[in-house]
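This report refers to the structure that appears directly beneath it.
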Amino acid sequence: MRSEKVIAMSDVKQVAGQRIQPAHCDDHGPFEQRVTVLLGREIVGRCPECERKERTEREAKQRAEDIRIKREAMAKKLGAALIPKRFADRTLDNYQVEHEGQRKALAFCRRYVAAFAEIERTGRCLMLLGQPGTGKTHLGAAMANDLMRATSATAVYRTVGSILQSIRATYDRNNEQSEADILSSLIEPSLLVLDEVGVSKEQPSDFELTTLFAIINGRYEQMRPTVVISNLSGDQLPLAMGERCVDRLREGGGVVVPFDWESQRGKEGF
Ligand SMILES: [Zn+2]
């Protein structure tokens with residue numbers, strides 16, 4: 001014996017070749033079921049809520065797949081992960097706050113990530129400047145990681161040294177990446193975190209200055225924000241990356257976050 005409820009003929013409507021009858025979904029309750037007869041076969045409509053839910057899930061899956069493909073294409077051009085494995089576990093939540101300076105810096109970085117939709121429109125840059133060992137790298141990598149976890153943005157973390165090295169490596173004929181590939185993989189991402197600016201303490205070479213300008217100016221022209229991390233002060237930065245670069249970083253309301261407290265490194269044990 002069939003367990004379905006008997007449908008009273010008075011509840012069944014005929015609309016444009018379709019029969020509409022009351023039905024019941026276990027998850028969503030009663031709904032109007034459409035039955036179409038096609039070539040002598042009945043095609044029974046499903047619960048519209050169930051269909052809507054499945055469509056939403058399908059679209060979310062497709063979006064996630066599109067993001068994955070975009071990030072993989074970028075990583076392929078770079079010849080490595082967008083964020084090096086070493087920094088993949090850095091998040092804003094696991095940044096250790098031990099005093100007021102760090103609390104302020106963290107709050108600033110949180111606001112930057114939270115307002116990123118707006119920052120993407122203005123291209124506003126951020127400069128984390130100050131003493132070594134104050135957690136600037138952690139915060140920079142964390143912003144990139146958190147953005148990629150929470151949004152469809154693409155973010156790349158690189159040190160200046162690693163960029164110069166990977167561009168030099170493209171001069172080898174057997175290298176799969178070209179210099180243009182690497183430059184575009186640093187200009188295309190929604191966010192670039194550029195660490196260890198001016199770390200060498202030496203006068204930067206023309207190659208270094210030209211490369212930095214190509215990246216910073218390329219991003220500036222696309223109105224894409226860059227986070228620059230350096231142990232130098234705002235006054236010293238032009239010596240390390242060139243006046244023109246620093247001008248580009250400051251335009252559009254670039255902000256300096258000072259890390260002007262003493263290093264925490266080596267304070268816990270030996
Ligand atoms: Zn349903």
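General observations
- Taking the criterion of being assigned to a loop (DSSP other than H, G, I, E, B), under 25 Å from the mean Cα position of the chain (by Cα) and crowded, with 16+ Cβ neighbours inside 10 Å, the residues of the range 189-230 that qualify are Pro189, Ser190, Arg224, Pro225.
- Residue in the range 104-114 that is more than 24 Å from Pro189 (Cα to Cα) and small (Gly, Ala, Ser) present: no
- Restricting the search to helices (runs of 4 or more DSSP H) fully inside the range 47-134 and requiring at least 2 residues that are in contact with a Leu (Cβ under 9 Å, 6 or more places away or on another chain), away from the ligand (no atom under 16 Å from the Cβ) and in the same structural domain as Pro30 (by TED's automatic domain parsing) gives 48-78.
- Val35 vs. criteria surrounded by 14 or more Cβ atoms within 10 Å (Cβ to Cβ) and either at positive phi or not assigned by TED's automatic domain parsing to the domain that holds Arg158 (or both): yes
- Where a residue in the range 95-110 is closer than 12 Å to Asp260 by Cα and touching a residue at least 24 places away in the same chain (Cβ under 8 Å) and its partner, wherever it lies, is of a type in the set (A, V, I, L, M) and surrounded by 14 or more Cβ atoms within 10 Å (Cβ to Cβ), with Cβ under 7 Å and at least six apart: Ala105/Leu139; Ala105/Val257
- Of everything listed in (1) in the same structural domain as Gly135 (by TED's automatic domain parsing); (2) surrounded by fewer than 16 Cβ atoms within 10 Å (Cβ to Cβ); (3) not in a loop (DSSP other than H, G, I, E, B), the single unmet condition for Ile43 is (1).
The values are calculated or read from the model by the stated rules, or taken from the named source; none is laboratory data. None of the values given here were measured: they were computed from a predicted structure. Ideal geometry is used to build each Cβ from the backbone, glycine not excepted, and the neighbour counts take in all protein chains shown.
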